[in-house]
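The values are calculated or read from the model by the stated rules, or taken from the named source; none is laboratory data. Note that the structure is predicted; figures quoted are calculated from it, not measured. Quick reminder, even Gly has a Cβ in these numbers, built from the backbone with ideal geometry, and neighbours come from all protein chains shown. For accessibility, only protein heavy atoms count, side chains too; no ligands or nucleic acids. Shrake-Rupley method; radii C 1.70, N 1.55, O 1.52, S 1.80 Å.
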Amino acid sequence: MSVSHLIEQVDDYRWRIPRVKGSGMLTDVRVYASRDILKKVVTDRSLDQAANVACLPGIVGSSLAMPDIHQGYGFPIGGVAAVDCASGVVSPGGVGFDINCGVRLLGSSLSREEVRARLKDLVNQIFRDVPCGTGGTGYIKISQKELDDVLVDGARWMVRHGYGETNDCEYAEARGALLGADPDKVSPRAKERGRPQIGTLGSGNHFLEIQYVQRVDDEEAAKTFGLYQGQVVVLIHSGSRGLGHQVCTDFLRDMGPAMRKYGIELPDRQLACVPVTSREGQSYLAAMRGAANFAWANRQGMTHFVRQAFRRIFSNDVHLKVIYDVCHNIAKQERYEVAGKTQDVLVHRKGATRAFPPGHPEVTPSYQQVGQPVFIPGSMGTASWVLAGRSGSVDETFGTCCHGAGRLLSRTAAKKGRDLKRVIKDLEREGILIRSESKRGILEEVPQAYKDVDEVIEVVHNAGLATKVARLRPMGVIKG
């Protein structure tokens, strides 16, 4: 079903695709985009996918499309949907293969000038200390029993075992671990893939960037988060590695037959789903939570090694504080007012991040006055943003905003006709050093492959979902 021709403008930053009679859609699609961004969005099937999501049994509110939306598996990346916990379904395609792919921001005690003098040494040291690349194995060796404990306790397990500081988990979504994880629901193959990979970056669009705060837009929020102009920060983007990918693969394999059992029919088989309350649904959620906890443990491990690298290059007096850690690919039970009634819903966030406002009970206590930090990476040659959640997200998008700039070119198109040496030289002219395990890792992620992150930020800022706090610029980039 093609729906792009049905788009109606609501205002400068909101668009609507009405429910199509006879299509199976149970609700409309709401799109957050500027006019220029929308022109780029309609070049792929992402809005058609958002319309298919509107067919999910039990969906409440609208099927939502963030400004970074692009075509994905089942759900579009940048797609959000909430379903009633009692009557709705859970769809692994609404979470994705990289469960709890997310970002963590570390604020350092060093300035741009201090780091610039030894940037090459620092980039090389982190590249040695944080393994990256497809299938990369890490330095943290754990037993099968310890892995099961990680799947339950997430980042907290890492801190208890010396891979972090006491208050690190206070500054992570869900305090670094979701309740309700069950290691027994994670297959032996998933555990086999994941056990050697804690503390590793991975490949694809995963990255570790040394950045500096180029500009502060909200002094109060920046001060509360511990950010200031000229400060060096580190942004880590990674997820649950092979373990999460295998969890998604395992459950997708069983979803087709289960859908027939429950009499569920949808326009796209990639939206395979089962009732939230079913045995299969509860098993998937228990395994998904375990994979999410593994991802938080993974980013915690990398935090430990990044701190170690900074201290090796500079001194033991260097401090790196966890500012916050948010996940992108997740399904979480939360409470919202829908059509005048407060109810429990399962929010699928696929390439989308939480953006809770000031005063929300799940916001870290020390951030209550300014709201939850939101991190929106751009590309390795442009910029990333720190924002703070606003009440519009709770009113309109189930506490959610976009998670990045969003791809504009496929990985194949991004590589086509590009010369690796030229790309590296162009980045160096911008003052950016890059290390990668592969040529492909750089060429697939060239800045031209992504939408303009500043334009994306204007949409969520002006739509009232999150407000601008600080703009970050890269200095050193590490990719798989």
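Before moving on, here are some points about what is shown:
Residue by residue, here is whether (1) in contact with a helix residue (DSSP H, G or I) (Cβ under 7 Å, 6 or more places away or on another chain); (2) polar (S, T, N, Q); (3) modelled with pLDDT of 95 or more holds:
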| site | (1), (2), (3) |
| --- | --- |
| Ile323 | yes, no, yes |
| Val338 | no, no, no |
| Phe375 | no, no, yes |
| Ser379 | yes, yes, no |
| Arg407 | yes, no, no |
| Lys415 | yes, no, no |
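- Hey, Leu47 under 21 Å from the mean Cα position of the chain (by Cα) and in contact (Cβ under 8 Å) with a residue 24 or more places away in the chain or not: yes
- A single entry from Asp48, Asp84, Asp36 fulfils the requirement of being open to solvent by 10 Å² or more (accessible area, probe 1.4 Å), in contact with a Ser or Thr (Cβ under 8 Å, 6 or more places away or on another chain), acidic (Asp, Glu) and at pLDDT 95 or above: Asp48.
- Counted residues, the stretch 36-56 - those being part of a loop (DSSP other than H, G, I, E, B) and either closer than 20 Å to His328 by Cα or small (Gly, Ala, Ser) (or both): 1
- Test: Val60 is at negative phi, modelled with pLDDT under 95 and surrounded by fewer than 24 Cβ atoms within 10 Å (Cβ to Cβ): no
- Annotation: Ala383 fulfils all but one of (1) over 20 Å from the mean Cα position of the chain (by Cα); (2) small (Gly, Ala, Ser); (3) at pLDDT 90 or above; the unmet one is (1).
- Residues that are crowded, with 18+ Cβ neighbours inside 10 Å and either more than 22 Å from the chain's Cα centre (by Cα) or under 15 Å from Thr303 (Cβ atoms) (or both) within the stretch 165-174 comprise Asp168, Cys169, Tyr171, Ala172, Glu173, listed in sequence order.
- Selection over the stretch 10-19 of residues that are more than 18 Å from Glu455 (Cα to Cα), open to solvent by 40 Å² or more (accessible area, probe 1.4 Å) and over 26 Å from the mean Cα position of the chain (by Cα) gives a count of 2.
- Taking (1) more than 30 Å from Asp250 (Cα to Cα); (2) touching a Gly at 6+ places or on another chain (Cβ under 7 Å) in turn, Glu113 satisfies each apart from (2).
- Where a residue in the stretch 117-138 is in contact (Cβ under 8 Å) with a residue 12 or more places away in the chain and on the phi < 0 side of the Ramachandran plot and its partner, wherever it lies, is of a type in the set (Phe, Trp, Tyr) and outside any loop (DSSP other than H, G, I, E, B), with Cβ under 6 Å and at least six apart: Asp129/Phe305; Val130/Phe305
- Odd one out for Pro365 among (1) touching a His at 6+ places or on another chain (Cβ under 7 Å); (2) open to solvent by 10 Å² or more (accessible area, probe 1.4 Å): (1)
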